[in-house]
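Have a look at the structure below before the remarks.
The values are calculated or read from the model by the stated rules, or taken from the named source; none is laboratory data. Quick caveat, the model's predicted, so the values are computed rather than measured. Ideal geometry is used to build each Cβ from the backbone, glycine not excepted, and the neighbour counts take in all protein chains shown. Surface accessibility is based on the protein's heavy atoms, side chains included, excluding ligands, DNA and RNA. Shrake-Rupley method; radii C 1.70, N 1.55, O 1.52, S 1.80 Å.
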Amino acid sequence: DLLAKTDNLMKEGKRQEALEIYDQVIQKESKDFSTLINELKRIKISDLLLKADRFENEEKYQDAIKIYEQVLQIDPKDYRALTNLGILYDIVLNNDKKALEYIDKVLEIYPDSQFAHIHKKMLLEFPRKTTVPADEQKKTDNNRNLNNKQKSNEVSDLLNKGNKFRDKGEDQGS
């Protein structure tokens, strides 16, 4: 045991050797603690993402958004949370500006994300008037005039495509 060894070295007056061993113990414990914290974060994120999936399947998009924002509090670079927030702000909330903010964050962190490049291009080519209330925008939006079922299908399709890219490892820089 390293701690017992350091105690003996201290008793023998070999203070410098004991301090070096203490440093090794502290570094090892620090790494172990850091690894444990990272693993707990990973587990928490995984749990939150599953919860967000359930909300999306139930078409409780506002709840899903809150969950994705919680994920980003734990890991501001989480690909799935950033991408799905971009999709939800785009399709469900009709907020191009907010959607672009999230998609731009994805591209900043994962510049090779084909999905994010395509989504951004779509947002720029078919912009909405974000200053118009969502209800009024729906009346005038010729390019995206979707009924609720179509909207739900479009959200599901985009979320599934984004998740497929992620699962294949093709879309992230990780």
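Filter region 76-94 down to the residues that are outside any helix (DSSP H, G or I) and buried (at least 17 other Cβ atoms within 10 Å of the Cβ) and list them by number. Break it down stepwise before answering.
Initial filter on region 76-94 (outside any helix (DSSP H, G or I)): 76-78, 93-94.
78, 94 - these are the residues of region 76-94 that are outside any helix (DSSP H, G or I) and buried (at least 17 other Cβ atoms within 10 Å of the Cβ).
Those residues that are of a type in the set (A, V, I, L, M) and either open to solvent by 90 Å² or more (accessible area, probe 1.4 Å) or at positive phi (or both), I need them from region 1-35; list them, please.
26
If a residue has to be open to solvent by 90 Å² or more (accessible area, probe 1.4 Å) and assigned to a helix (DSSP H, G or I) to count, how many in region 47-69 make the cut? Let's see the steps before the verdict.
Residues of region 47-69 that are open to solvent by 90 Å² or more (accessible area, probe 1.4 Å), as a first pass: 50, 54, 57-60, 62, 66.
Among the residues that remain, those that are also assigned to a helix (DSSP H, G or I) are: 50, 54, 57, 62, 66.
Qualifying residue count, region 47-69: 5.
From the list 107, 100, 72, exactly one residue is open to solvent by less than 80 Å² (accessible area, probe 1.4 Å), in a helix (DSSP H, G or I) and under 23 Å from residue 59 (Cβ atoms). Which is it? Can you show your working first?
Values: 107 fails: under 23 Å from residue 59 (Cβ atoms); 100 fails: under 23 Å from residue 59 (Cβ atoms).
Within the list 107, 100, 72, the selection yields 72.
Anything in region 91-127 that is touching a Ser or Thr at 6+ places or on another chain (Cβ under 9 Å) and farther than 17 Å from residue 68 by Cβ? List them, or say none.
94, 96, 97, 107
Which pairs do you get when a residue that is of a type in the set (D, E, K, R), found in region 83-94, comes within reach of a residue that is part of a helix (DSSP H, G or I) and crowded, with 24+ Cβ neighbours inside 10 Å, reach meaning Cβ atoms under 7 angstrom, with the pair 6+ apart or on two chains?
Pairs that qualify, where the first residue is of a type in the set (D, E, K, R) and the partner is part of a helix (DSSP H, G or I) and crowded, with 24+ Cβ neighbours inside 10 Å, are 90/99.
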